[in-house]
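The values are calculated or read from the model by the stated rules, or taken from the named source; none is laboratory data. Not measured: the values here are computed from a predicted model. Here the Cβ positions follow ideal geometry from the backbone for every residue, glycine too, while neighbour counts run over all protein chains shown. Heavy atoms of the whole protein, side chains included, go into the accessibility calculation; ligands, DNA and RNA do not. Shrake-Rupley method; radii C 1.70, N 1.55, O 1.52, S 1.80 Å.
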Amino acid sequence: MNLNNSSRRKFIKRTGAVAGVSIIPSKSVWGACNSSGVSGGSKDTSETCSVGFTEFGGRSGGSWDKFLEEANPNTINSNYSLDERDDQGLKKIHGMFSNYSNHKWNELEPKDNDEPWVIDEKRRKIQDIKRLYDDINDVIVNTPDIDLGGSEGGEIPAATLDLSEALQGGGIAKQLACVYMNLHFGFIQRPTSFLTNQQYMEHLWGVHHKGNVSLETTIDSRWEQLGTGTSSYISSYNT
């Protein structure tokens, strides 16, 4: 991957044990499972530091890490060209998003005997695929580091998550990055007790440290379960 030339590429100080998670100074805490124990007073840690098995699903890192390379030039055209995008990402879109199921990148290469209407249709689909690829890439490289809560020196360390860094690594950081991407693009739904994706991510970071399950294993076992392998998301460029 040609990530070194990306002007928007974010790097973190590898102060944490896992690439993609940056341990930071003490900060305020929100989540249902956090360094101060619990929020909600009467509930104990076993109740609040937990997750539902069916919360997870969607696509794994093997899908999301195919969208790390940025387009150059950063424009949408109808040419059958990568423009430095990852061809594996372009090829995955039709299988990930139901509204693009007939947008198979390998079938869009122009042919000498194509009718004019076929050429126009291929060009439209090429633009659609590039727009969605760039939409995904934009979330990965431009989302500010996600606040995971915690506290300095506490049982749950204060930390932030860099999506781009995490998707290039492994372990719990990559699993959390995938959860965030699956939430953002509609493969899975956030539990209603959390107002934002960030609050939910903070809770999961707490569960990773204080819960009675292996969060990494739980997330990893649920990819594409219960019909979560596809999403009806449509690129914001098309709305």
Of the conditions (1) in contact (Cβ under 8 Å) with a residue 12 or more places away in the chain; (2) open to solvent by 20 Å² or more (accessible area, probe 1.4 Å); (3) assigned to a helix (DSSP H, G or I); (4) under 19 Å from G58 (Cβ atoms), H209 satisfies every one except a single condition; which number is it?
(4)
Considering each of Y80, Y133 in turn, give the residue that is in a loop (DSSP other than H, G, I, E, B) and in contact (Cβ under 8 Å) with a residue 12 or more places away in the chain.
Y80
Those residues that are part of a helix (DSSP H, G or I) and open to solvent by 60 Å² or more (accessible area, probe 1.4 Å), I need them from the stretch 136-151; list them, please.
N142
Please determine whether any residue of the stretch 110-120 is open to solvent by 10 Å² or more (accessible area, probe 1.4 Å) and within 29 Å of N182 (Cβ to Cβ).
no
Based on what the data block shows, is T230 more than 15 Å from the chain's Cα centre (by Cα) and at pLDDT 90 or above?
no
Would you mention how many residues in the stretch 152-165 are assigned to a loop (DSSP other than H, G, I, E, B) and either surrounded by 18 or more Cβ atoms within 10 Å (Cβ to Cβ) or not small (G, A, S) (or both)?
6
